[in-house]
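The values are calculated or read from the model by the stated rules, or taken from the named source; none is laboratory data. Here the structure is a predicted model, which means the values were calculated and not measured. Cβ atoms come from the backbone with ideal geometry, glycine included; neighbour counts cover every protein chain shown.
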Amino acid sequence: MNKKVFSALIIENRILSIILSLLLFVGLSQGLNKLTFNPDMETFFPEGHPSTILNTEIDEIFLPTDSIVIAINGRGETVFKKQTLHVIEKMTETAWTTPFSLRVDSLTNYSYVRSLEDDLIVEPFIENALELTEKQIKSRASIIEGEDAIYGSMISLDKQTTIINIVVDPPQPNKEANLEETINYIINFIETAKENNPELDIRLLGNPYQEYISPKMVQAEAPVVMVMMFLLIFSSIFFVLRSMAAVISTFAVTVLTITAAFGSVGLMGSSLNQMVVTYPILIITLALADCVHLFSIYFQQRDMGKTTEEAMKRSLELNLQPLFLTTITTCIGFLSFNVLEVLPLRDLGNGISVGVFLAFVFTIFFVAPLISFFNVKIPKTTQKQMDISRKIASLSLTNGKTFLWLVPLICFLLISLIPFNKLEENPTQMYSENYTSFGPDTLWLDEKLGATFPISFKAVSENGSVSSPEFLESLDKFSTWLEKQEEVNHVTSLARTMKSLNKSMHGDDLEMKVIPDDQALSSQYLFFYEMSLPMGLDLNTSISQDRGSTKLSASLKDMTSSEYLVFQEKVKYYLKDNNLNSSISEPAGFRVVFSYLMEAIVISLLSGVAIGLALIVLIIGLFFRSTTFGFLSSFPNILPIVSAFGVWAILNGQVGFMVAVGMGSTLGIIVDFTVHLLSKYDLARREMKKSPEESIFFAFEAVGFALLAMTVILAIGFSVLHINSFLPLHDFAQFSIIAFVLALLIDFFFFPNLLVRFDKRKFD
């Protein structure tokens, strides 16, 4: 259908168009009640990655490694005091009643092993603390130094800090609600302990607590972010368009689009996550772009003396194809996220794509018909805006030869700085201190114990029994090497437990703290130990049911993702060089998988951006029936993104996963700049028979100021993300703003001169 006929059809049937738009809105809004929030950071783990598979396997065979951690510090005093031990003992008992808890380990319920003649006695390390004498407490304080399993991991070397580990497994469905019930229960008895014992410093940490924080943060800050975003963006819209009708209409389309987009996310069965605040800002800015372009042409036509219906018909006629094309290309940019191995990012891309399409639908079929009913006042600034656009076009073309070599040179210099960026991310430091002390508390505990994010290894005995002396010796060898590494705070393994048992069964003779050379004897030790166990620290969490494999655990210092990857490579080479790689796995755990997450996101996004860019170039070439246009359009789309990484190297240099996401999302936005400029240029060349230079002036008069305004609005809108306490969003906003500014400059001063230089078409 001819665009002129289609535009007229919409305006002539405007009531029907508005009704159908509202029906679409009502239908999609039904999905709002199906929306769920999933704070589990493990959903970000790259699917199918060996580290993810290994982590899942270890959690299924053994007890999950991640746990809620209660840290107790004596504020300069040892925890080996009667009242402090009593508090730890009572908190441990209460922790066992935590909803969805699997086990609890602490200083007081630690399984202390000793021998009595030929019997193996296993008992809680601290029992009935208030009844202990000072002599008994001092004895326990001395004994703990020889307990390798917990000294330096569950209790600090200075004996001033200890932890209570609570392994929880909130079931699906309703994991968020179940986790909230669990954490709230723990918070309540912790607060009671704090009130009753002000001399103690008690803090809550661990990955499940981090998952609890995320939705609370979103619930607390999302409304503020949204309100600030709307105020800043729509005040900017009013400043640009100087029309309250335009502002109200734009507000209406954004509300319709966001609500329907979230409803569609619910209908698709996708869950929201920590990045939920990026949905509205991306959708708002993209919806605004459609409205700004629609109203810019509309006001120009009204300024020329046309009626409101005629002006809107002409605006639709001139904008229909470019808006549709930008919708398609933007959707392709965000749909490229589907090549990612990370499910939440795929959901983000799909959700934004739906929102972009809905923004187009509501702009064309709701706002345009609605405005045509009203005699909207023409802003006095319309002519001034066109004058500004002409001056920019004149500056660009007058200095065309200079810009053709200067812009590529600057871009090349910026691109050469990309290697100075480092892939760095630390999941414990993702939240602002203004909202939570989780980050500082994690660093604090890391200095004391380094116990918040342990790693695990799966060790398999070749003869099918973990009691094998050969297997235990190799496990002990690896444990000893591992603990000597500067990144490692403490190691717990079956080999060390077996050495301690052998020592205990030989009257605590230190020379007998070795692996027994008899498999039957080792098996007997394990049997006696398990039969004698109280509730604390049993072997069922570290030995498989078939007794063929065991879990080795280590606590590491708090490190960035790149530091984890370096450590993992070091472990990998050690296992290979010592022929242990067939029996001992590579490290697994939340932090391990998270380290690979960065690498997976960057590699996948590079592929996605490449595929998206190729498709965009192809579509633009087909749309404008020009391979030259398709090829030339690649420069203003890819140069801003890669150059932005060069600027980032200067300003920051630390590339987290949200910066990488920014690389993909900006492609879907900045392509709009190019398409709108190109469409108006092609219109002038093809239909008006203007020269390339004249066509550039026409294009700038039509959309130049709108592109400038949109860049400012985008920058203002994205800057609002700095209010949010999820710090990766700050990086996302900053990188995106850099890319937007670079895209505008390249579209203004490089792309037009490329068109003038290479567009050799002739029209009769």
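Quick grid of which residues meet (1) without any contact (Cβ under 8 Å) to a residue 60 or more places away in the chain; (2) under 30 Å from Leu282 (Cβ atoms):
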| residue | (1), (2) |
| --- | --- |
| Asn165 | no, no |
| Gln172 | yes, yes |
| Leu179 | no, yes |
| Gly206 | no, no |
| Leu232 | no, yes |
| Phe239 | yes, yes |
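Considering only the range 336-361, how many residues are modelled with pLDDT of 90 or more and aromatic (Phe, Trp, Tyr)?
Of the residues in that region, 2 qualify.
Please give the helices (runs of 4 or more DSSP H) falling wholly within the range 566-651 in which 1 or more residues are more than 23 Å from Leu745 (Cα to Cα) and free of Cβ contacts under 8 Å to residues at least 40 places away in the same chain.
Once the helices (runs of 4 or more DSSP H) in the range 566-651 are filtered for at least 1 residues that are more than 23 Å from Leu745 (Cα to Cα) and free of Cβ contacts under 8 Å to residues at least 40 places away in the same chain, what remains is 590-623, 627-633.
Name every residue in the range 122-174 that is hydrophobic (A, V, I, L, M, F, W, C) and farther than 28 Å from Phe527 by Cβ, in order of residue number. Can you show your working first?
Here is the first cut: in the range 122-174, the residues hydrophobic (A, V, I, L, M, F, W, C) are 122, 125-126, 129-130, 132, 137, 141, 143-144, 149-150, 154-155, 157, 163-164, 166-168.
Listed by number, the residues that qualify are Ala129, Leu130, Leu132, Ile137, Ala141, Ile155, Leu157, Ile163, Ile164, Ile166, Val168.
If you go through the range 140-167, how many residues are touching a helix residue (DSSP H, G or I) at 6+ places or on another chain (Cβ under 7 Å) and not in a loop (DSSP other than H, G, I, E, B)?
Total meeting the criteria: 6.
Among Ala260, Ala177, Ala193, which is the only one that is at pLDDT below 90 and either assigned to a helix (DSSP H, G or I) or closer than 28 Å to Phe373 by Cβ (or both)?
So the residue among Ala260, Ala177, Ala193 that is at pLDDT below 90 and either assigned to a helix (DSSP H, G or I) or closer than 28 Å to Phe373 by Cβ (or both) is Ala177.
Leu445 versus (1) buried (at least 23 other Cβ atoms within 10 Å of the Cβ); (2) touching a residue at least 40 places away in the same chain (Cβ under 8 Å); (3) assigned by TED's automatic domain parsing to the domain that holds Lys513; (4) among the aliphatic types (A, V, I, L, M): which is the lone unmet condition?
Exception for Leu445: condition (3).
Restricting attention to the range 440-477, which residues are of a type in the set (A, V, I, L, M, F, W, C) and over 34 Å from the mean Cα position of the chain (by Cα)?
Listed by number, the residues that qualify are Val460, Val466, Phe471, Leu472, Leu475.
Quick one: count up the residues across the range 181-199 that are of a type outside the set (A, V, I, L, M, F, W, C) and either under 20 Å from Leu107 (Cβ atoms) or crowded, with 17+ Cβ neighbours inside 10 Å (or both).
Selection size over the range 181-199: 7.
Within the range 38-71, track down each residue that is farther than 16 Å from Val592 by Cα, out of contact with any Lys or Arg (no Cβ under 8 Å at 6 or more places or on another chain) and modelled with pLDDT of 70 or more.
Listed by number, the residues that qualify are Glu60, Ile68, Val69.
Is at least one residue of the range 617-628 buried (at least 18 other Cβ atoms within 10 Å of the Cβ), basic (Lys, Arg), in the same structural domain as Ala359 (by TED's automatic domain parsing) and at pLDDT below 90?
no
Please work out if Ile137 is assigned to a strand (DSSP E or B), at pLDDT 90 or above, of a type in the set (A, V, I, L, M, F, W, C) and within 19 Å of Gly74 (Cβ to Cβ).
Spelling it out, it is not the case that Ile137 is assigned to a strand (DSSP E or B), at pLDDT 90 or above, of a type in the set (A, V, I, L, M, F, W, C) and within 19 Å of Gly74 (Cβ to Cβ).
Can you pull out the residues in the range 483-532 that are of a type in the set (A, V, I, L, M, F, W, C) and part of a loop (DSSP other than H, G, I, E, B)?
Met505, Val514, Ile515
Residue check, Ile202 against (1) more than 27 Å from Tyr435 (Cβ to Cβ); (2) at pLDDT 90 or above; (3) surrounded by fewer than 22 Cβ atoms within 10 Å (Cβ to Cβ), all met but one. Which one?
(1)
Any chance the range 658-675 includes a residue that's in a loop (DSSP other than H, G, I, E, B), touching a residue at least 24 places away in the same chain (Cβ under 8 Å) and not hydroxyl-bearing (Ser, Thr, Tyr)?
No, the range 658-675 has no match at all.
Filter the range 315-352 down to residues that are without any contact (Cβ under 8 Å) to a residue 40 or more places away in the chain and either within 30 Å of Tyr298 (Cα to Cα) or among the hydrophobic types (A, V, I, L, M, F, W, C) (or both) and give me whichever is surrounded by the fewest Cβ atoms within 10 Å (Cβ to Cβ).
Top of the filtered list is Phe324.
Would you check if there is a residue in the range 205-213 being among the aromatic types (Phe, Trp, Tyr) and buried (at least 16 other Cβ atoms within 10 Å of the Cβ)?
At the first step, the residues of the range 205-213 found to be among the aromatic types (Phe, Trp, Tyr) are 209, 212.
Narrowing the set further to residues that are buried (at least 16 other Cβ atoms within 10 Å of the Cβ) leaves 209, 212.
Yes, some residue in the range 205-213 is among the aromatic types (Phe, Trp, Tyr) and buried (at least 16 other Cβ atoms within 10 Å of the Cβ).
Return a yes/no flag: does the range 403-422 have any residue that is touching a Pro at 6+ places or on another chain (Cβ under 7 Å) and either modelled with pLDDT of 90 or more or in a helix (DSSP H, G or I) (or both). Steps first, answer last, please.
Let us first name the residues in the range 403-422 that are touching a Pro at 6+ places or on another chain (Cβ under 7 Å), namely none.
No, there is no match, as no residue in the range 403-422 is touching a Pro at 6+ places or on another chain (Cβ under 7 Å) and either modelled with pLDDT of 90 or more or in a helix (DSSP H, G or I) (or both).
What helices (runs of 4 or more DSSP H) lie completely within the range 686-764 and have 3 or more residues being within 16 Å of Leu288 (Cβ to Cβ)?
Helices (runs of 4 or more DSSP H) meeting the threshold: 705-719, 728-749.
Please state which one of Ala220, Ala246 is surrounded by fewer than 17 Cβ atoms within 10 Å (Cβ to Cβ), in the same structural domain as Val720 (by TED's automatic domain parsing) and in a helix (DSSP H, G or I).
Just one listed residue meets the conditions, Ala220.
Looking at the range 528-557 only, could you name the residues that are modelled with pLDDT under 75 and of a type outside the set (A, V, I, L, M)? Can you show your working first?
So the first thing to find is which residues in the range 528-557 are modelled with pLDDT under 75, and the list is 528-541.
If the condition is that a residue be modelled with pLDDT under 75 and of a type outside the set (A, V, I, L, M), then Phe528, Tyr529, Glu530, Ser532, Pro534, Gly536, Asp538, Asn540, Thr541 are the ones that fit.
Could you tell me which residue of the range 14-28 is farthest from Gly266 (Cα to Cα), considering only residues that are at pLDDT 90 or above and not hydrophobic (A, V, I, L, M, F, W, C)?
Among them, the one singled out is Ser17.
Against the definition (among the acidic types (Asp, Glu) and surrounded by 19 or more Cβ atoms within 10 Å (Cβ to Cβ)), how does Glu60 come out, yes or no?
Criteria not met by Glu60.
Could you please let me know if Pro208 is under 23 Å from the mean Cα position of the chain (by Cα) and in a loop (DSSP other than H, G, I, E, B)? It would help to see each step written out before you state the result.
Details: under 23 Å from the mean Cα position of the chain (by Cα): yes; in a loop (DSSP other than H, G, I, E, B): no.
Criteria not met by Pro208.
Mind counting the residues in the range 693-712 that are surrounded by 24 or more Cβ atoms within 10 Å (Cβ to Cβ) and under 19 Å from Met226 (Cα atoms)?
1
Here's a check for you: in the range 471-494, which residue that is in contact with a helix residue (DSSP H, G or I) (Cβ under 6 Å, 6 or more places away or on another chain) and either touching a residue at least 60 places away in the same chain (Cβ under 8 Å) or crowded, with 23+ Cβ neighbours inside 10 Å (or both) is farthest from Phe567 (Cα to Cα)?
If we take residues in the range 471-494 being in contact with a helix residue (DSSP H, G or I) (Cβ under 6 Å, 6 or more places away or on another chain) and either touching a residue at least 60 places away in the same chain (Cβ under 8 Å) or crowded, with 23+ Cβ neighbours inside 10 Å (or both), then Leu472 is farthest from Phe567 (Cα to Cα).
Which of the residues belonging to the range 448-470 are crowded, with 18+ Cβ neighbours inside 10 Å and in a helix (DSSP H, G or I)?
Lys448
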